[in-house]
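Okay, so here's the structure we're looking at.
The values are calculated or read from the model by the stated rules, or taken from the named source; none is laboratory data. The shown structure was predicted, so the numbers you read here are calculated from the model rather than taken from an experiment. Neighbour counts are summed over all protein chains in view; Cβ atoms, including those assigned to glycine, are modelled from backbone coordinates with ideal geometry. These accessible areas exclude ligands, DNA and RNA; they are computed on the full protein's heavy atoms, side chains included. Shrake-Rupley method; radii C 1.70, N 1.55, O 1.52, S 1.80 Å.
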Amino acid sequence: MSDNDRAHRARSAVVVEFRTLDAQLDVYRTRLDPSRALGVPAHVTLLYPFVPPNRLDVAVWGALGAAIAGVPPFDAEFATASWFGRDVLWLAPTPVAPFSRLIERIRSAFPECEPYSGGVDEPVPHLTIADRADSGEMVAAAEGVSALLPLAARVSAVSVMAGSDAPQSWRTLRRFELTG
C-alpha cells in the first residue's frame, strides 16, 4: 500500500488514554488487540470515527473544547472483565457516568460522526483487551487480566488520535485537559 493510500485511509478518534496501564495490560493487548499494533495505547473510546484527519482544524478543535468544557477530572477504576459476545474481551470502567456524559457531549457537538460508523446506537464505555483473537487465548487473557484487577487511573484529559492501518501509525494529535 502506498503512502498516499495510507493517508487516504487515515481516520481519527476521540479517546481517554490510559498509558499508565499499558505496562500491566500490554502482555495481553500486544497479542490480542489489533489496535495495539497500530500504536493505540490502553484507552476508552469516546467517539470513533471522528472527523477525518485532513479536516481537523481550528473550528473542530474549538467545538471539541467547548463540548467538554466544565467537565472536571475524575478517578476511574477497572475492576471487571466483560465480553461483547465471545469476540471482544474488555474492562468496564467505574464510574461509567462520567464517560457516558463525555460521549453524549461529544456526540451532540459532532452529530455527523456516528459511533462505530453507525454500528452501535449506544456506545458502552470500555477498555479493549482482546478483539476477535483465538478464543483459547482470549479466555486465558480474561483469567490473567482479572488477577490484575482492580486497576485505577485518573482521567484528566481527552485526546484526539489519528492514524491508519499501518503499524504504529496512530498518534495523539491534541489533548484537551479536563478543568471543570
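Among the conditions (1) of a type in the set (A, V, I, L, M); (2) part of a strand (DSSP E or B); (3) in contact with a Lys or Arg (Cβ under 7 Å, 6 or more places away or on another chain), the only one that residue 67 does not satisfy is (2). The set of residues in segment 38-53 that are surrounded by fewer than 20 Cβ atoms within 10 Å (Cβ to Cβ) and out of contact with any helix residue (DSSP H, G or I) (no Cβ under 7 Å at 6 or more places or on another chain) comprises 38, 39, 52, 53.
For the criterion of being under 15 Å from the mean Cα position of the chain (by Cα), among the basic types (Lys, Arg) and open to solvent by 30 Å² or more (accessible area, probe 1.4 Å), residue 107 passes. Please go through segment 152-180 and give me each residue that is part of a strand (DSSP E or B), open to solvent by 60 Å² or more (accessible area, probe 1.4 Å) and closer than 22 Å to residue 9 by Cα, ordered by number. The answer is 171, 173, 174. Just wondering, is there one or more residues in segment 139-151 that are open to solvent by 10 Å² or more (accessible area, probe 1.4 Å), of a type outside the set (A, V, I, L, M) and free of Cβ contacts under 8 Å to residues at least 12 places away in the same chain? So far as segment 139-151 goes, yes, one or more of its residues are open to solvent by 10 Å² or more (accessible area, probe 1.4 Å), of a type outside the set (A, V, I, L, M) and free of Cβ contacts under 8 Å to residues at least 12 places away in the same chain.
Scanning segment 94-136 for residues that are at pLDDT 95 or above, out of contact with any helix residue (DSSP H, G or I) (no Cβ under 6 Å at 6 or more places or on another chain) and part of a helix (DSSP H, G or I) gives 97, 98, 99, 100, 101, 102, 103, 104, 107, 108, 135, 136.
For the structure I just gave you, tell me whether residue 22 is without any contact (Cβ under 8 Å) to a residue 24 or more places away in the chain, assigned to a loop (DSSP other than H, G, I, E, B) and charged (D, E, K, R). In short, no.
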